[in-house]
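Have a look at the structure below, then the notes.
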Amino acid sequence: MSVGAAVANALWLATGLGATRRFDRALGDADGAQRRWLLAQVRRHAACEFGRTHDFGAFQSPADFVRRVPLSSYEDVAPAIERLRRGAPDVLATGRVTHLAPTSGSSGARKLIPFTATLQSGFNAAVSRWVNDLVRRRPALVGGPAYWSVSPLTGEDAERDRMLPARCSSGGLADDADYLGGGAAWLVRQALAAPSSLRHVRDPQAFWGLTALALLRRRDLRLISIWHPSFLDLLVEGAASMWLTLIDAITSGDCPWIDALPEDARGRWRVAPNASRGAELRRIGTDDWARWWPELQLVSCWGEQAAEAGWRALVQRLPHVLVQPKGLLATEGVVTIPLHATHVLAVTSHFFEFIDEHGEVRLAHELARGGRYGVVITNGAGLWRYRLGDVVECTGHVRTTPTLRFLGRGGRVSDLRGEKLSEPFVAEALREACSGRASPAYAALRAWSEDARAGYELLISNEVAVAEVDAMRTRLETALHANPHYALARRLGQLDAVRAVVVAPNTAIGDLRAHEGRLGDAKPRILLSITDAPR
């Protein structure tokens with residue numbers, strides 16, 4: 001057992017007990033919890049420019065807030081965020097901006113999201129409740145170190161670091177611990193298996209080598225938190241390609257890629273020789289990587305839509321490990337957390353509104369089971385009534401608090417001949433089409449157009465039998481006809497029938513490998529445009 005990690009984990013859990021109790025109470029009074037959170041924030045930020053402009057001081061209820069503050073998108077707040085980047089104080093919220101965190105850039109230009117102590121407190125409240133639930137289910141989690149996703153900085157990130165004013169401590173988040181802030185982040189880092197200095201490594205081979213070395217050194221690794229499950233596939237693939245070098249480094253205590261690290265961070269990578277661990281890994285080899293970490297308790301990763309097949313593959317590969325789908329998370333805030341085998345709205349972290357299919361605004365306690373909604377978040381760090389762009393379905397309630405399922409991005413639409421296929425609709429159609437006995441490792445829908453003809457291709461991985469591929473294509477065509485505009489375009493001959501294109505099972509891994517932004521943030525998509533090609 002790693003004593004240092006165990007002590008840090010126990011202290012971190014203890015700091016989150018109050019937030020856990022508040023969350024549990026809020027489950028029975030979602031309306032009251034949301035109202036109290038919102039009114040506390042409008043009072044706290046009434047003196048900032050945005051608060052003065054919208055007369056925050058006069059608000060007495062959520063209804064006042066909804067009536068007086070307009071819905072917003074990133075384009076609406078981008079000029080104010082640029083002023084923050086240049087050093088202007090108290091523009092969108094009162095208090096110090098600790099980070100301007102870049103989003104993943106899965107669609108459109110990358111964005112900078114202001115981070116403050118308020119937003120970090122919201123993340124901490126949600127994560128504390130989640131982790132305390134996990135420890136009750138898997139007490140051994142406390143006993144060893146964890147890996148929380150670290151992604152290398154791009155050149156754009158590094159340049160932004162140099163441009164930020166002194167009042168911002170960093171241009172981005174060093175690792176997932178930075179979402180928590182303060183003492184919680186410090187405690188989490190005491191139990192990290194891989195130092196956050198990894199983010200400064202630009203060379204991909206050195207990044208994977210250092211990441212694999214850090215994790216393989218820790219036989220007692222208990223938790224792996226990543227984003228897309230293919231990130232773990234890439235790690236295993238990289239370790240296998242440099243296996244003998246890794247074994248020698250573990251045995252000797254050396255670090256072959258030390259020159260890729262900043263000079264002030266190299267000391268942590270020189271460790272005592274560990275011949276027994278090196279010998280153990282040599283015996284296990286690269287084909288049975290599930291045995292590399294015999295005490296691993298949890299892998300947390302995306303498990304919905306484009307990531308579902310990768311999540312299921314991990315479940316089968318790691319039967320002794322809890323492979324848990326993450327809740328709906330964004331750089332802008334936490335929407336849901338895994339709890340009671342479902343995903344519960346993070347009612348004590350932020351204020352939420354939901355736009356129903358008729359364009360009406362509903363609050364958290366007003367959601368109906370089976371309803372589909374666009375998510376609007378107010379995070380207390382400068383995003384007020386901000387459209388996230390995510391579409392969710394209410395799957396039920398834990399007491400008075402809704403549980404939600406992510407359906408897709410609301411703004412992603414394909415419209416070749418007036419059919420207007422949205423990503424949430426395509427996600428459900430693919431789920432229906434691929435629900436047979438052979439679930440593919442990768443499936444997506446891609447638009448195509450050649451001369452006067454146009455239509456869609458089912459991209460499907462080649463481990464599926466030919467007969468089943470054709471059956472899936474037929475079921476997908478039927479499911480797409482549920483969209484009357486698609487059905488009309490097919491009836492008029494404007495669109496061809498769906499055709500199947502077989503691709504490699506690791507196509508999602510290619511999305512990660514080729515991603516131009518932060519590697520761990522890449523989000524493989526299920527609705528692709530004409531210009532998108534499987535890699």
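The values are calculated or read from the model by the stated rules, or taken from the named source; none is laboratory data. The structure displayed is predicted, hence computed values, not measured ones. Methodologically, a virtual Cβ is constructed for each residue, glycine included, from the backbone with ideal geometry; neighbour enumeration extends over all protein chains shown. The area values use the complete protein model at the heavy-atom level, side chains included, leaving out ligands, DNA and RNA. Shrake-Rupley method; radii C 1.70, N 1.55, O 1.52, S 1.80 Å.
Dipole of the range 435-478 (Lys/Arg Cβ +1, Asp/Glu Cβ -1, origin at the Cα centre): which of Ala447, Ser435, Val464 lies farthest to the positive side? Of the options given, the answer is Ser435.
By the helix-only formula, in which each DSSP H run with n ≥ 4 contributes -39500 (n - 2.57) and the sum is divided by residues, the chain has a 222 nm mean residue ellipticity of -11000 deg cm²/dmol. Put a plus charge on the Cβ of each Lys and Arg, a minus charge on the Cβ of each Asp and Glu, and nothing anywhere else: the dipole of the chain about its Cα centre is then about 1220 debye. Candidates Val131, Leu216, Gly408 compared by Cα position along the dipole of the chain: farthest toward the positive end lies Val131, with charges placed on Cβ. With all protein chains in place and ligands, DNA and RNA left out, the 1.4 Å accessible area ranks Arg25, Arg417 as Arg25, Arg417, largest first.
Counted as membrane-span-like here are DSSP H helices of the chain whose alpha-carbon atoms extend 20 Å or more along the helix's own axis and whose Kyte-Doolittle mean is -0.5 or above; these are 117-137, 466-480. Under a model in which nothing but the beta-carbon of Lys, Arg (+1) and Asp, Glu (-1) is charged, the range 345-463 shows a dipole of about 300 debye around its Cα centre.
Each residue of the range 50-67 was assigned a 3J(HN,Hα) from its phi angle through the Karplus curve 6.51 cos²θ - 1.76 cosθ + 1.60 (θ = phi - 60°); the sequence is 5, x, 5, 4, 9, 6, 3, x, 8, 6, 10, 7, x, 4, 4, 4, 5, 6 Hz, with glycine and proline shown as x. Each residue of the range 353-370 was assigned a 3J(HN,Hα) from its phi angle through the Karplus curve 6.51 cos²θ - 1.76 cosθ + 1.60 (θ = phi - 60°); the sequence is 10, 9, 9, 7, 5, 9, x, 8, 8, 10, 8, 4, 6, 9, 6, 10, 4, x Hz, with glycine and proline shown as x. Sorting 350-358, 111-119 by their mean Cβ neighbour count within 10 Å, with the most densely packed peptide first, gives 111-119, 350-358. Close amide H partners of Ala346, meaning residues 5 or more places away or on another chain with modelled amide H under 5 Å apart, are Thr336, Ile337.
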